[in-house]
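The values are calculated or read from the model by the stated rules, or taken from the named source; none is laboratory data. Note that the structure is a prediction, hence the values are computed from the model and not measured. Don't worry about glycine lacking a Cβ; one is built from the backbone with ideal geometry, like all the others, and counts go over all protein chains shown. Accessible surface is based on the protein model in full, side chains and every heavy atom, while ligands, DNA and RNA are left aside. Shrake-Rupley method; radii C 1.70, N 1.55, O 1.52, S 1.80 Å.
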Amino acid sequence: MTAGRHYITTTIPYVNARPHLGFALELVQADTLARHHRHRGAQVRLVSGTDDNSLKNVLAAEAAGVDVRSFVDRNADAFAALRAPLALSLDDFIRTSSDPRHRVGVERLWRRCAASGDLYRKEYEGLYCVGCEQFCTPEELVDGRCAEHGTEPRLVAEENWFFRLSRYAGRLHRLISDGELRIEPAVRRNEVLALIEGGLHDISVSRSHGRARGWGIPVPDDPDQVVYVWWDALGNYVTSLGYGTDDPAYDRWWADGERRVHLAGKGVVRFHAVYWPAMLLSAGLPLPTDILVHDYLTVDGRKISKSGGTTVDPAALAAVHGTDAVRWWLLRDVPRVGDADFTPDRLTARADADFAGGLGNLVHRVVTMVHRFRGGTVPACAAVPSTGASGLAGVCREVPGLVDAALADFDFRRALRAVWSIVEEANRCVDAARPWELARAERQGDGAAARRLDAVLGALVAACRVLAGELGPFVPGAAARIAEQLTPVEGRLPAARPLFPRPARPTVE
Ligand SMILES: [Zn+2]
């Protein structure tokens with residue numbers, strides 16, 4: 001499944017605040033998929049960005065006493081600046097309020113849906129949650145408050161544009177049950193199917209210019225209305241490819257691409273798996289092929305929230321613990337389904353055990369033995385029975401396929417458990433073969449022992465190289481250090497050095 005062209009996107013977050021660790025999870029997952037497919041020879045385009053046109057941003061700017069433009073620019077910069085601390089291999093980053101490709105693309109989408117007869121004006125009165133940026137039904141509220149945000153929605157009465165979502169219920173249900181539009185994990189797919197079975201109502205897709213505070217994209221040919229922020233934001237998945245300007249990138253990655261993959265958190269599944277595909281069906285455009293849904297992080301048992309003081313700044317975390325340690329925790333410890341609880345202690349414990357203890361220890365041991373027993377020259381791999389070398393080579397051959405399968409299921413933990421089986425098998429191989437005893441026998445003239453030692457050392461170095469290759473998409477920095485340690489210079493491996501010196505960790509949290 002990795003050949004071909006993969007277009008991979010993250011959601012574009014509101015910029016009403018600075019980025020938190022929950023969004024870093026999605027960025028790191030998307031980056032890992034992108035790197036993995038590139039590593040397997042596919043062509044990949046990885047895109048993220050920011051949703052600048054939300055009313056939330058306007059209200060947050062007002063609360064901060066800053067004009068909307070500077071407020072949005074400042075926070076959007078903080079999201080764009082995650083690229084280095086999280087080692088993101090982004091090909092593009094779109095900002096919906098300032099990217100010249102975006103507005104023309106949203107306008108074209110709108111006009112295509114209008115041409116299909118799917119947009120109409122209607123008087124409407126409803127309860128609107130600004131946090132969700134959507135109308136809620138009374139049944140969705142808990143004691144009159146939004147279940148997600150705990151705030152009271154506002155009563156809004158105005159004439160808006162509506163989108164005939166109801167028309168697409170049958171087709172969407174079929175496409176999703178057939179797997180043509182694949183939603184992973186299955187629990188999320190079933191949720192979406194149940195939502196569709198419960199009946200889809202047409203949705204409001206504009207708001208008055210006044211209620212939007214004049215911020216956002218005007219409805220084509222109706223400047224008194226502003227395009228609903230979700231319509232605008234979802235459009236980024238094609239506007240960033242130049243859909244509105246006949247850019248060949250749109251054909252290459254969307255119309256003719258093999259995989260169109262969206263990552264999204266569980267709270268916004270209905271927008272990605274229902275509204276967006278319906279918009280595309282209405283506009284006559286291809287749908288995404290995969291929607292990969294992650295759950296949430298909690299911090300010390302509490303939901304991440306600005307007001308609760310539980311935000312964790314991913315850039316600051318990477319500055320203290322290192323990029324690889326942050327990525328490793330997110331990918332190795334966060335389950336595919338179910339929320340994961342973050343604490344700095346969990347992150348450091350995981351990094352100490354796996355980096356210094358697991359990987360660092362193994363590679364150091366192997367390189368040291370190659371120097372001690374073979375003067376730094378890596379022996380050729382040879383099949384010598386009863387050395388454990390062939391068992392190790394067998395595990396190494398299986399792991400890439402297991403990683404492919406796990407990542408196809410959007411299961412990063414399972415992928416890393418597969419990679420980790422190389423570490424475990426390599427350590428077993430050392431313990432069973434006891435290379436130091438083979439070396440002693442060799443010194444006493446035992447030729448068979450010499451050949452077995454060659455086979456074991458050759459297999460161990462090969463295994464460490466496979467490790468470096470398979471780890472690259474997950475922890476690019478650590479993998480590069482391992483690869484460098486295993487790259488001969490003038491025929492010999494560089495002297496063994498600590499790959500994971502413990503970072504000096506300040507005691508501030
Ligand atoms: Zn809400």
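Points to keep in mind about this one:
- For the range 155-171, the count of residues that are modelled with pLDDT under 95, in a loop (DSSP other than H, G, I, E, B), within 24 Å of Lys56 (Cα to Cα) and within 16 Å of the ligand (Cβ to nearest atom) is zero.
- Selection from the range 139-154 of residues that are away from the ligand (no atom under 14 Å from the Cβ) and open to solvent by less than 80 Å² (accessible area, probe 1.4 Å): none
- Residue in the range 231-248 that is among the small types (Gly, Ala, Ser) and assigned to a helix (DSSP H, G or I) present: yes
- Strands (runs of 3 or more DSSP E) (entirely within the range 85-145) containing at least 3 residues that are of a type outside the set (Ser, Thr, Tyr) and in contact with a strand residue (DSSP E or B) (Cβ under 6 Å, 6 or more places away or on another chain): 92-95, 119-129
- Within this structure, Val229 passes the test of being within 23 Å of His262 (Cβ to Cβ) and either away from the ligand (no atom under 16 Å from the Cβ) or in contact with a Ser or Thr (Cβ under 8 Å, 6 or more places away or on another chain) (or both).
- For Arg211, the requirement of being surrounded by fewer than 23 Cβ atoms within 10 Å (Cβ to Cβ), in the same structural domain as Ala61 (by TED's automatic domain parsing), outside any strand (DSSP E or B) and modelled with pLDDT under 95 is met.
- Tally, over the range 33-60, of residues that are in a helix (DSSP H, G or I) and either touching a Lys or Arg at 6+ places or on another chain (Cβ under 6 Å) or at pLDDT below 95 (or both): 6
- Val269 within 18 Å of Asp51 (Cβ to Cβ), at pLDDT 95 or above, hydrophobic (A, V, I, L, M, F, W, C) and not assigned by TED's automatic domain parsing to the domain that holds Ala408: yes
- Breaking point among (1) hydroxyl-bearing (Ser, Thr, Tyr); (2) outside any loop (DSSP other than H, G, I, E, B); (3) buried (at least 20 other Cβ atoms within 10 Å of the Cβ), for Thr387: (2)
- Criterion: hydroxyl-bearing (Ser, Thr, Tyr), within 16 Å of the ligand (Cβ to nearest atom) and more than 29 Å from the chain's Cα centre (by Cα) - qualifying residue of Tyr120, Tyr128: Tyr128
- The set of residues in the range 88-115 being open to solvent by less than 30 Å² (accessible area, probe 1.4 Å) and farther than 24 Å from Phe163 by Cβ consists of Leu88, Ser89, Leu90, Asp92.
- Every test in (1) open to solvent by 10 Å² or more (accessible area, probe 1.4 Å); (2) out of contact with any strand residue (DSSP E or B) (no Cβ under 7 Å at 6 or more places or on another chain); (3) of a type in the set (Ser, Thr, Tyr) is passed by Ser282 save one, and that test is (1).
- Candidate set from the range 253-272 (those that are in contact with an Asp or Glu (Cβ under 9 Å, 6 or more places away or on another chain) and part of a helix (DSSP H, G or I)); member that is least open to solvent (accessible area, probe 1.4 Å): Val269
- Taking the listed residues Gly388, Gly338, Gly375, the one that is under 21 Å from the mean Cα position of the chain (by Cα), more than 26 Å from Pro476 (Cα to Cα) and touching a residue at least 40 places away in the same chain (Cβ under 8 Å) is Gly338, with no other qualifying.
- Residue in the range 410-418 that is in contact with a strand residue (DSSP E or B) (Cβ under 9 Å, 6 or more places away or on another chain) and either open to solvent by 30 Å² or more (accessible area, probe 1.4 Å) or not aromatic (Phe, Trp, Tyr) (or both) present: yes
- Evaluation of Ala356 against (1) in a helix (DSSP H, G or I); (2) at pLDDT 95 or above (one fails), failing number: (2)
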